[in-house]
1. Along the positive direction of the dipole of the chain (beta-carbon charges: Lys, Arg +1; Asp, Glu -1; about the Cα centre), which of Q8, P274, G102 reaches farthest?
2. Largest first and in whole Å, give the semi-axes of region 241-323's equivalent ellipsoid, each being the square root of 5 times a Cα gyration tensor eigenvalue.
3. Where the Cα atoms of region 269-370 are projected onto their three principal axes, how long is each span, largest first, in whole Å?
4. Can you give me the C-alpha center-to-center distance between region 1-15 and region 189-216, rounded to a whole angstrom?
5. In region 234-377, with Lys and Arg counted as +1 and Asp and Glu as -1 at Cβ, which of these residues, A348, F374, S316, has the Cα nearest the positive end of the dipole, that is, farthest along it?
6. Give the Cα extents of region 107-253 along the principal axes, in whole Å, largest first.
7. Let me know the whole percent of all Cα-Cα pairs from region 59-136 that are separated by more than 14 Å.
8. Expressed in nm to one decimal, what extension gain is obtained for the pair E369 and R39 from 0.36 nm per residue of sequence separation less their Cα-Cα distance?
Amino acid sequence: MDYRLLKQEIIDHANSLGIDKIGFTTADVFTEMKNHLIRQEQLGYQSGFEEKDIEKRVDPSLIFSEPRSIIAIALAYPSRMKNPPKSVKGARRGIFARASWGTDYHTVLRDRLSKLEAFIQERVPEARFRSMVDTGELADRAVAERAGIGWSAKNCAVITPEFGSYVYLGEMITNLPFEPDEPMQDQCGSCNKCVDACPTGALVQGGQLNAQKCIAFLTQTKGFLPDEYRSKIGNRIYGCDTCQTVCPKNKGKDFHFHREMEPDGEIAKPLLEPLLMMSNREFKETFGHISGSWRGKKPIQRNAIIALAHFKEEQSLPVLIEVMNNDPRPVIRGTAAWAVGKIGGSKAKDALLEFKEKEKEGDVLQEIEKGLSFLNN
C-alpha cells in the first residue's frame, strides 16, 4: 500500500465531503498535554465535563488497539448571523454562543467522519477506526495542534490561519501508518486581548483556563449561579464568545460553508419570556437539535431569568412573579425572586414579601432576601 498516495486521496476526498481542513499526526502519547492536564487538575481548574482518566485523554493506545496515526478534521462555522432579530424593550432576547448555532456540531462532524471512514475502508478493507468529536477521550485541541490544523492559542482555542478559531474539531484514530504533518507555530505573539477581555478572569494566563470561572461552563451548570457571576453573564443563555470576538486573528472571519450550521435567529437569539414557560416537550421540539440543549431546559431558563434582570425589564415582572410563585424547581423560583428584586418597581417588594410567607426552601428564602436587599438600598 502506498500510504503517501492514499493520504493525498483522503485529503482530496475530505474536501469533497465538506471537511474544511484535515491533518495527520502520530498516535504517540501527548506528553505536553498530559502535564498540562495534571496541572489543571491540581489547581481545580477542570470543568468536570471532561473524561476523568487523564491517561486516556493523552494515550491513544489505551482506547484503540495498536494505533498508528490520527487524522484530525476541522469544519468552519459562521461567526455572524444574517438579519439577526433585535432585542428591544418588551421583547428581550438571549443569545446562544456561536458554537451552538445550527445543527448540533457533534452530529455534523460525526457524519463527515463516518463518510471519511467509509472512503478509507473501501481502499483498505483491513483498516480500523475510532472517531470522536468533543465528547471522546482524546483532547481535540491537542490532536488538532499536533496535526497542523492550527495552533493552541492563548484563549485555549485552536486558531487556524484560514478560519480563525471558528472551527469545530474532530479526529479519527486508525491502524494505518500515515506520514504526520508538521505542527503549526504559535502566532499569538505578545497579544493578550483575550486574557484581558475575559469577563470573569477565567483565562488565568495565556493558554490556561480556570473552567470553574468560565461563563461558557457556568451557563451549563444546573444549580444557583454564584452571585459574583450573575452580573457578568449579561444576556448569554448558553456559552460565551468574548475571547473569540476580541481576537485579532478572527477579524473578518465568517464562513457559511455548511447548510446545517446556518443559524435560525429565533433559535440562536430567542425571546426570553417564552423560554420561561416552555414544557420539556416544547423545549426539545424547539432547541433539541442544537448543541446548547444538551443539559436540558433548566440551565437555559435560569440564565434567561438572569438576562431579564440584566435588562432591568420591568415588563417581564408579571412573568417572573408567576415563575417565582409556581415553578416546582427551587433554583428557578429562587433565581426569579432574585431577578424580581433586581428589576425592582412598585410591584416587586409586595410580591417578594408575599412569596416569602409561603416559601419553605432555605436556598430560595436566601434569594428572596437578596431580592429584597436590592429594593431596600
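None of the figures in this text is laboratory data; all of them are computed from the coordinates on show. Keep in mind that what you see is a predicted model, and the values were worked out from it rather than measured. Reconstructed Cβ throughout: ideal geometry from the backbone, glycine too, with neighbour counts over all protein chains shown.
1. Positive-most Cα among the choices belongs to P274.
2. Values: eigenvalues 153, 67, 22 Å².
Taking √(5λ) for each eigenvalue gives 28, 18, 11 Å, largest first.
3. Projected onto its principal axes, the Cα set of region 269-370 covers 40, 26, 17 Å.
4. Each part's Cα centre sits 38 Å from the other's.
5. After comparing all options, I get F374.
6. 57, 37, 25
7. Working: 2192 of 3003 pairs.
Here the long-distance tail beyond 14 Å is 73 percent of all Cα pairs in region 59-136.
8. Working: separation 330, 0.36 × 330 = 118.80 nm, distance 3.92 nm.
In short, 114.9 nm is gained.
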